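For reference, the structure discussed in these notes is given below.
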Amino acid sequence: IIRVLQSPFDQAGMMGDMEVTISAISPEGSGFYGAMCRVIDLDNFYMVTVDDEGLYSFVKRSGGEFITIVESQPLPAYQPLDTVRLRCIGDTMSLYVEDTYVSEFSDSEFVEGYTGIAAGTTGDAVGAMVLFNRFLVTLP
């Protein structure tokens with residue numbers, strides 16, 4: 001399940017550079033949660049995900065196809081409700097946890113869009129539950 005929330009910064013709701021800050025209780029079950037930027041529609045966006053084992057991934061969806069940019073990697077000393085921040089500036093998407101830089105990638109396909117949060121399950125699992133505690137969108 002992916003939810004896209006329109007940002008309030010301009011009348012069209014589209015932004016180029018942005019920071020998306022979230023905190024959530026890790027999924028119960030085999031699931032993930034994530035922050036999204038430059039969401040054109042549900043078939044075109046960038047996203048960072050955190051799963052129930054404290055692993056992160058960078059994902060791009062282009063033309064309806066999921067492309068994993070950074071395979072699952074462990075977050076350093078991650079705890080539930082830690083602040084996860086996705087910075088989308090220019091063609092660079094960067095991940096921070098509690099203000100500590102973790103990783104980044106560069107891609108220039110999407111230059112603006114909406115922002116949002118995501119939650120879902122992996123594989124054949126069903127029933128993951130995620131509680132978002134914080135969702136904040138700011139200009140860098």
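What accessible area per residue, rounded to a whole number of Å², is obtained for region 20-99 using a probe radius of 1.4 Å?
Averaged over the residues of region 20-99, the accessible area is 40 Å².
Please list, by residue number, everything in region 40-67 whose backbone N is under 19 Å from a paramagnetic label point 7 Å out along Cα→Cβ of Thr122.
Label zone hits: 46-61, 66-67.
Compare the Cα positions of Ser103, Pro74, Ser62 along the charge dipole of region 50-114 (+1 at Cβ of Lys, Arg; -1 at Cβ of Asp, Glu; about the Cα centre) and return the one farthest towards the positive end.
The residue sitting farthest along the positive end of the dipole is Ser62.
Report the Cα-based extents of region 64-113 along its three principal axes, largest first, to the nearest Å.
Largest to smallest, the principal-axis extents are 32, 21, 15 Å.
Given the peptides 105-116, 30-41, arrange them by the average over their residues of other C-beta atoms within 10 Å, most packed first.
30-41, 105-116
Computed FRET efficiency, Cβ-Cβ of Ser62 and Arg134, R0 30 Å: what is it to the nearest 0.05?
Efficiency for this residue pair is about 0.60.
Reported to two decimal places, what Rg/Rh ratio describes the chain when computed on Cα atoms with Rh from the Kirkwood expression?
0.93
Among residues other than Phe45 whose Cβ falls under 9 Å from its Cβ, what is the net charge (Lys/Arg +1, Asp/Glu -1)?
Taking every other residue near Phe45 into account, the sum is +1.
The values are calculated or read from the model by the stated rules, or taken from the named source; none is laboratory data. Predicted, not measured: the structure shown is a model, and the values here were computed from it. Every residue, glycine as well, gets a Cβ built from its backbone with ideal geometry; the counts of neighbours run over all protein chains shown. Note: areas computed on protein heavy atoms with side chains; ligands, DNA, RNA excluded. Shrake-Rupley method; radii C 1.70, N 1.55, O 1.52, S 1.80 Å.
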